[in-house]
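Encoded as structure tokens, the structure appears first; notes follow it.
The values are calculated or read from the model by the stated rules, or taken from the named source; none is laboratory data. Treat the numbers as computed from the prediction; the structure is a model and nothing was measured. Please note: Cβ atoms are built from the backbone with ideal geometry, for glycine as well, and neighbour counts cover all protein chains shown.
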Amino acid sequence: MEKGKNVVIVGAGLVGSLWAVYLSKAGYKVTIYERRSDIRKAEISAGKSINLALSVRGWTALDAVGVGDEIRKIAIPMHGRVMHDLEGNLTYQPYGKEGEAIYSVSRGKVNAAMMDIAEKYGKATIHYNHECQNVDLKNGIVFLKNSLTGEKIEVKADLIFAVDGAFSAVRFNSMQKLNRFNYSQNYIADGYRELLLPANDDGSYKLDKNALHIWPRGRFMMIALANEDGSFTCTLFMPHEGDKFAFDKLNSPEAVNTFFKTVFPDFYEMVPTVAEAWEDHPLSNLAIIRCSPWTNGKVALMGDAAHATVPFYGQGMNAGFEDCTVLSNLMKKHNENWEAIFEEYSRERKPDGDALQDLSLDNYYVMRDYVSDPEFLLRKKIEAKFSELYPKSWLPLYSQVTFSNIRYSVAYQQGKKQSDIMDIIMQIPNIENVWDSETVMNEMKVLSKDFNF
């Protein structure tokens with residue numbers, strides 16, 4: 001191993017495991033330290049954590065180092081969203097063009113698979129039950145404690161990557177102490193609780209497995225993503241308190257039953273034991289964490305440690321995987337001059353982290369308030385028709401984020417301009433009857449002349 005090629009990754013999660021493969025393929029020796037025990041030795045049940053949605057950015061990063069097919073084995077395609085109204089009526093809305101899909105993966109299963117990949121393809125050594133207590137940023141020394149034995153160790157590395165999640169120990173214990181380090185942590189008013197929608201007795205699915213199911217209810221919502229065993233992981237997003245429907249009101253089995261019978265009657269019919277399983281998964285919080293710079297000395301933040309977001313665009317994992325793509329491209333651009341790589345990574349990638357956080361919050365309102373709104377659905381139909389006719393002139397914002405590698409910051413700005421154009425189009429008299437006419441399409445062509453996808 002040549003000098004300068006010894007790397008420590010703090011965190012054996014999704015992004016840390018993938019980044020180990022990138023580094024190994026570039027000739028680096030990788031050692032990973034993980035605070036938790038090896039999750040592969042524990043039974044991973046469905047519904048342990050929000051299912052994740054893999055899309056183009058994630059696949060791009062996985063396929064670039066030849067590991068995408070390992071994850072495809074456990075991924076279920078979702079071609080659109082199905083909205084469930086109060087009466088149990090279903091409305092289907094495709095995500096993109098024919099054949100485009102996002103993929104449901106169990107967080108536990110994909111994490112276990114990524115650890116296997118880190119060891120097999122990344123030749124990484126993973127040490128579990130090692131808590132990071134501090135980092136000497138300048139000299140590249142990680143101070144760790146073995147939580148089983150209490151032993152404290154110091155590990156020196158040429159480079160250190162902190163990929164240890166939203167509440168990163170590296171960032172908290174080391175970087176947040178720096179002069180002029182910017183940091184903010186904002187909890188949104190809503191929390192989430194997970195529920196399991198079991199398979200039918202014969203192992204079949206109770207709902208269409210190739211769709212993301214949404215129960216939009218104005219101020220709050222529930223979603224469901226399929227698991228491989230016929231079940232669905234469902235997630236209820238709702239205010240913690242201060243609302244007619246809030247988690248603090250659901251403090252007894254009777255209250256839980258009444259709530260589901262009233263608000264999600266079709267779900268209650270499928271899971272009449274919902275109150276019994278209510279406490280199976282904890283009530284969790286949702287936060288957006290922003291910080292800068294993302295690098296200092298020999299250390300860089302990646303994934304949630306740098307740009308934790310809320311899950312409403314299904315992009316948290318995809319953004320973390322895209323960090324690997326970005327850093328890998330910078331390694332080539334700067335011929336592995338890490339000072340130059342870190343400087344450009346922190347400066348250029350930060351606006352994309354911020355934009356994704358804004359996009360994620362905006363999409364919460366879309367999912368809970370608008371997906372069942374006739375005007376919103378008409379807007380989407382007009383956009384889809386125009387995009388089909390003039391793909392170079394229009395790519396809907398959702399497709400820019402989910403089915404392309406356009407920078408998040410660019411997509412966010414283009415989405416704002418597109419929204420302004422759609423506001424004008426929706427003012428056309430009798431738009432609900434003339435929406436697919438030549439006149440409307442020509443008007444959109446004039447208004448979108450500055451776009452070139």
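Of the residues making up the stretch 169-189, those that are among the charged types (D, E, K, R) and either on the phi > 0 side of the Ramachandran plot or at pLDDT 95 or above (or both) are Arg171, Arg180.
Would you check which residues across the stretch 96-146 are basic (Lys, Arg) and touching a Leu at 6+ places or on another chain (Cβ under 9 Å) and list them?
The initial filter retains those residues of the stretch 96-146 that are basic (Lys, Arg), namely 97, 107, 109, 120, 123, 138, 145.
Within the stretch 96-146, Arg107 is the sole residue that qualifies.
With respect to the conditions (1) without any contact (Cβ under 8 Å) to a residue 40 or more places away in the chain; (2) farther than 20 Å from Gly191 by Cβ; (3) not in a helix (DSSP H, G or I), Lys261 falls short on a single one, namely (3). Check whether at least one residue in the stretch 308-331 is within 26 Å of Val15 (Cβ to Cβ) and surrounded by fewer than 15 Cβ atoms within 10 Å (Cβ to Cβ), and report yes or no. Yes, the stretch 308-331 contains at least one residue that is within 26 Å of Val15 (Cβ to Cβ) and surrounded by fewer than 15 Cβ atoms within 10 Å (Cβ to Cβ).
Residue-by-condition table, conditions (1) in a loop (DSSP other than H, G, I, E, B); (2) under 18 Å from the mean Cα position of the chain (by Cα); (3) crowded, with 18+ Cβ neighbours inside 10 Å:
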{"residue": "Gln400", "(1), (2), (3)": "no, yes, yes"}
{"residue": "Ala411", "(1), (2), (3)": "no, yes, yes"}
{"residue": "Lys417", "(1), (2), (3)": "no, no, no"}
{"residue": "Ile421", "(1), (2), (3)": "no, no, yes"}
{"residue": "Ile428", "(1), (2), (3)": "yes, no, no"}
{"residue": "Asn433", "(1), (2), (3)": "no, no, no"}
{"residue": "Asp436", "(1), (2), (3)": "yes, no, no"}
{"residue": "Thr439", "(1), (2), (3)": "no, no, no"}
{"residue": "Asn442", "(1), (2), (3)": "no, no, no"}
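Whenever a residue of the stretch 377-390 is farther than 10 Å from Met444 by Cα, it has no partner that is hydroxyl-bearing (Ser, Thr, Tyr) lying with C-beta atoms less than 7 angstrom away and at least six residues away or across chains.
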